[in-house]
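See below for the structure under consideration.
The values are calculated or read from the model by the stated rules, or taken from the named source; none is laboratory data. For clarity, every value in this text was computed on a predicted model and none was experimentally measured. We place every Cβ from the backbone using ideal geometry, glycine too, and count neighbours over all the protein chains shown. In case anyone asks, the SASA skips ligands and DNA or RNA and just uses the protein heavy atoms, side chains included. Shrake-Rupley method; radii C 1.70, N 1.55, O 1.52, S 1.80 Å.
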Amino acid sequence: MRTQVPQYLQEVLQACERNDEGALADYIPELGNVDPNPLAVAVCMGDGTVYGAGDADVEFTIQSMSKPFVYALALHERGLEATLQQVGVEPSGDAFNDLSLREDGRPQNPMINAGAMAVHAMIGGPQAPLRERTDMIVDGLSRFAGRQLSVDEEVYASEFATAFRNRAIANLLRNVGIIEQDPRDIVGEYTRQCATTVTTNDLATMAVTLAMGGRNPVTGEQVVPAWVCRYVLSVMMTCGMYDAAGDWMTTVGIPAKSGVSGGILGALPGQAGLAAFSPKVDSHGHSVRGVRVFEHLSRDLNLHLMEVQEARVRLLESSREVKLRDGLARHLRLRGALYFGSVERLLRELADIPDEDTVVVDLSDVTHINPIGRRMLLDAMEQLGGTGERRLVLV
């Protein structure tokens with residue numbers, strides 16, 4: 001039996017694809033030449049199962065979406081106290097490329113460019129060779145993604161040639177002693193960090209690694225400690241969407257980070273990583289269609305962090321066999337509330353059971369089923385009924 005998740009994700013894309021608002025980030029010449037039409041979405045569950053729809057094979061540069069992961073690497077390497085001495089954690093309320101610093105000279109947070117360059121300079125220590133530092137960062141991003149990533153040299157060259165504002169920010173950081181290296185060198189290697197290429201599947205996997213306490217569920221590697229993820233997700237929640245962070249948190253409610261290449265990633269603690277991609281961005285630098293995709297996912301799947309929900313379902317509490325009038329059946333007992341994640345797990349369990357087996361799904365202890373969970377369950381029953389074999393019994 002196939003799961004309904006890819007079909008649902010395709011419907012989300014269809015609901016968003018006609019939106020033609022926004023513009024390419026052409027202040028980076030190479031990004032101004034990309035195809036504006038690709039649209040993709042991906043969801044990575046806590047066990048590493050990845051669902052995608054749309055142009056999932058399109059690669060694009062990670063840009064500012066690298067910031068939370070490099071911040072995680074810095075926290076892991078240098079510790080919280082040392083990191084906080086260099087970069088604050090307060091929302092700035094300003095654009096991502098604002099030149100302002102706190103009164104004590106620190107950047108406001110690691111999600112704006114000033115903070116991100118300060119964090120970049122911390123990796124490996126101030127004496128680390130430039131390319132070695134960037135190699136360490138790309139390696140760290142790859143461990144989050146679960147595969148080896150690479151740098152798009154053409155985007156790098158185009159972006160570095162026009163990085164005048166970032167050079168001004170780096171000079172300001174050097175002037176107040178936040179960075180010790182040559183500002184031009186830091187801008188160059190930070191630009192290389194941003195030119196690392198990813199897909200939506202990569203972003204969803206990277207996001208779920210943060211959401212699951214630093215453990216990549218695809219590779220099984222503990223990339224960073226759980227305490228690091230707690231701090232990173234907190235900063236993403238308050239600062240990840242820049243001067244639109246308040247609007248994002250009230251409407252979508254998922255810790256997230258965007259990039260001017262058109263990607264958005266979101267990490268829902270303990271549940272899933274999500275990603276969307278569409279190149280046209282708004283005045284904040286957020287993908288227009290990507291924002292709409294996340295709004296659909298949050299609303300349909302009850303993913304808003306502030307959503308009042310009953311305790312989520314405990315799946316497969318009992319997998320014993322039960323005796324029916326015409327033979328034995330598998331018994332799957334559910335308890336609690338059924339939402340997207342728990343129904344998705346149930347459907348994957350059903351997909352692994354032989355076609356000739358009858359399955360009893362015991363819903364007697366289920367207290368609530370949200371709309372998308374109900375739809376997925378009913379679609380599964382209809383699909384099973386269409387095979388001509390009685391496999392699913394709800395009790």
- Item | Candidate residues Tyr190, Tyr156, Tyr231: accessible-area rank, largest first, probe 1.4 Å | Tyr231, Tyr156, Tyr190
- Message: Given a Förster distance of 41 Å, report the FRET efficiency between Ala226 and Asp57 from their Cβ-Cβ distance, rounded to the nearest 0.05.
- Response: 0.80
- Message: How far apart, in nanometres, would the label points at Thr219 and Ala15 be if each is projected 7 angstrom from Cα along the Cα-to-Cβ direction?
- Response: 3.5
- Which whole-number percentage describes the relative contact order of the chain, with Cα contacts under 8 Å and a sequence gap of 6 or more? 19
- Message: Test of understanding: extend the Cα→C-beta vector of Arg131 to 7 Å, then name every residue of segment 151-179 with backbone N under 17 Å from that spot.
- Response: 151-154, 156-157
- Item | Simple spin-label estimate for Asn171 and Thr197 in nanometres, 7 Å along Cα-Cβ | 3.4
- Mind jotting down the distance between the C-alpha centroids of segment 272-306 and segment 192-244, whole Å? 16
- Query: Do any trypsin sites (Lys or Arg not before Pro) in segment 106-185 lie in a loop, going by DSSP, with at most 16 other beta-carbon atoms within 10 Å of their beta carbon, and if so which?
  - Reply: Arg147
- Query: Residues in segment 156-172 near a label at Asp185, defined as backbone nitrogen under 17 Å from the 7 Å Cα→Cβ point?
  - Reply: 167, 170-172
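At a 1.4 Å probe radius, carbon and sulfur cover how many percent of the accessible area of the chain?
The value for the chain is 48 percent carbon and sulfur by accessible area.
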- Message: Before I look further, what does segment 1-85 give for accessible area per residue, probe 1.4 Å, in whole square angstrom?
- Response: 43
- Summing -39500 (n - 2.57) over the DSSP H runs of n ≥ 4 in the chain and dividing by its residue number, what mean residue ellipticity at 222 nm do you reach, to the nearest 500 deg cm²/dmol? -13000 deg cm²/dmol
- Query: So in the chain, what percent of DSSP beta bridges are antiparallel if you round to the nearest 5?
  - Reply: 70
- Note on the structure: Here the gain from full extension of Arg147 to Ser100, 0.36 nm per residue of separation minus their alpha-carbon distance, amounts to 13.3 nm
